[in-house]
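One structure is given below, encoded as C-alpha coordinates.
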Amino acid sequence: MNLALFDLDGTLLDGDSDHAFCQFVVNLGWAVTMHFARRNDAFYADYQAGCLDVHAYVEFATAPWRGRDPAELAKATQRFMADVVQAMLKPAARALVER
(Lines give C-alpha, C1' and ligand atoms only; values in the text may rest on other atoms or scores of the structure.)
Protein backbone atom coordinates (compact mmCIF):
# COMPACT_ATOMS: atom_id res chain seq x y z
CA MET A 1 0.00 0.00 0.00
CA ASN A 2 1.26 3.49 -0.90
CA LEU A 3 0.55 6.44 1.34
CA ALA A 4 1.04 10.09 0.51
CA LEU A 5 0.46 12.89 3.00
CA PHE A 6 0.04 16.51 1.99
CA ASP A 7 -0.17 19.80 3.78
CA LEU A 8 -3.18 21.34 2.07
CA ASP A 9 -2.39 24.98 2.81
CA GLY A 10 0.24 26.30 0.44
CA THR A 11 0.74 22.91 -1.20
CA LEU A 12 -2.55 21.91 -2.74
CA LEU A 13 -4.48 25.05 -1.81
CA ASP A 14 -3.50 28.59 -2.64
CA GLY A 15 -3.99 30.08 0.82
CA ASP A 16 -4.85 28.98 4.33
CA SER A 17 -8.05 26.96 4.71
CA ASP A 18 -8.46 27.67 8.45
CA HIS A 19 -8.24 31.42 7.94
CA ALA A 20 -10.62 31.16 4.97
CA PHE A 21 -13.11 29.12 7.00
CA CYS A 22 -13.23 31.77 9.72
CA GLN A 23 -13.88 34.39 7.03
CA PHE A 24 -16.62 32.13 5.69
CA VAL A 25 -18.19 31.92 9.17
CA VAL A 26 -18.32 35.73 9.26
CA ASN A 27 -19.99 35.76 5.82
CA LEU A 28 -22.60 33.32 7.12
CA GLY A 29 -23.40 35.75 9.92
CA TRP A 30 -22.39 33.25 12.60
CA ALA A 31 -19.84 35.65 14.13
CA VAL A 32 -19.64 39.36 14.86
CA THR A 33 -17.92 40.66 11.77
CA MET A 34 -15.25 43.18 12.81
CA HIS A 35 -14.19 41.61 16.11
CA PHE A 36 -14.07 38.06 14.77
CA ALA A 37 -12.27 39.05 11.58
CA ARG A 38 -9.61 41.00 13.51
CA ARG A 39 -9.02 38.08 15.91
CA ASN A 40 -8.88 35.67 12.96
CA ASP A 41 -6.21 37.83 11.32
CA ALA A 42 -4.26 38.04 14.61
CA PHE A 43 -4.31 34.26 15.05
CA TYR A 44 -3.17 33.84 11.44
CA ALA A 45 -0.28 36.26 12.02
CA ASP A 46 0.70 34.26 15.13
CA TYR A 47 0.58 31.06 13.07
CA GLN A 48 2.80 32.55 10.39
CA ALA A 49 5.23 33.75 13.08
CA GLY A 50 5.35 30.28 14.63
CA CYS A 51 3.83 31.32 17.95
CA LEU A 52 0.19 30.27 17.63
CA ASP A 53 -1.55 29.23 20.85
CA VAL A 54 -3.39 26.32 19.24
CA HIS A 55 -5.73 25.80 22.20
CA ALA A 56 -6.84 29.42 22.17
CA TYR A 57 -7.25 29.27 18.39
CA VAL A 58 -9.40 26.14 18.49
CA GLU A 59 -11.60 27.68 21.20
CA PHE A 60 -11.98 30.83 19.07
CA ALA A 61 -12.46 29.15 15.69
CA THR A 62 -15.04 26.59 16.84
CA ALA A 63 -17.12 28.94 19.01
CA PRO A 64 -19.43 30.19 16.20
CA TRP A 65 -20.50 26.71 15.13
CA ARG A 66 -20.43 24.63 18.31
CA GLY A 67 -23.95 23.57 19.21
CA ARG A 68 -25.43 24.30 15.80
CA ASP A 69 -27.73 21.80 14.16
CA PRO A 70 -25.75 19.03 12.37
CA ALA A 71 -27.79 19.50 9.19
CA GLU A 72 -26.99 23.23 9.17
CA LEU A 73 -23.29 22.43 9.68
CA ALA A 74 -23.29 19.87 6.88
CA LYS A 75 -24.89 22.36 4.49
CA ALA A 76 -22.37 25.06 5.44
CA THR A 77 -19.47 22.63 5.03
CA GLN A 78 -20.65 21.65 1.54
CA ARG A 79 -20.99 25.30 0.61
CA PHE A 80 -17.51 26.11 1.98
CA MET A 81 -15.96 23.28 -0.02
CA ALA A 82 -17.78 24.28 -3.21
CA ASP A 83 -17.45 28.06 -2.96
CA VAL A 84 -14.12 28.53 -1.18
CA VAL A 85 -11.92 25.43 -1.26
CA GLN A 86 -12.55 24.65 -4.93
CA ALA A 87 -11.46 28.19 -5.80
CA MET A 88 -8.30 27.76 -3.70
CA LEU A 89 -7.17 24.57 -5.49
CA LYS A 90 -3.91 25.21 -7.27
CA PRO A 91 -3.93 24.25 -10.95
CA ALA A 92 -1.17 21.68 -10.44
CA ALA A 93 -2.73 20.21 -7.26
CA ARG A 94 -4.64 17.40 -8.94
CA ALA A 95 -1.60 16.36 -11.00
CA LEU A 96 0.54 16.37 -7.86
CA VAL A 97 -1.87 14.02 -6.07
CA GLU A 98 -2.19 11.75 -9.11
CA ARG A 99 1.59 11.52 -9.44
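The values are calculated or read from the model by the stated rules, or taken from the named source; none is laboratory data. As the structure is a computational prediction, the values presented were derived from the model and not from experiment. Here Cβ is always computed from backbone atoms with ideal geometry, including for glycine, and neighbour counts include all displayed protein chains. Calculation scope for accessible area: heavy atoms of the full protein, side chains included, ligands and nucleic acids excluded. Shrake-Rupley method; radii C 1.70, N 1.55, O 1.52, S 1.80 Å.
Some points to look at:
- Close pairs from segment 52-76: first farther than 21 Å from residue 35 by Cβ and of a type in the set (A, V, I, L, M, F, W, C), partner open to solvent by less than 90 Å² (accessible area, probe 1.4 Å) and not in a helix (DSSP H, G or I), Cβ under 7 Å, at least 6 apart: 73/65
- Residues located in segment 78-99, provided they are over 18 Å from residue 24 (Cβ atoms) and either in contact (Cβ under 8 Å) with a residue 24 or more places away in the chain or outside any helix (DSSP H, G or I) (or both): 90, 91, 92, 93, 96, 97, 99
- Positions within segment 87-99 being under 14 Å from residue 21 (Cβ atoms) and either open to solvent by less than 60 Å² (accessible area, probe 1.4 Å) or of a type in the set (S, T, N, Q) (or both), in sequence order: 88
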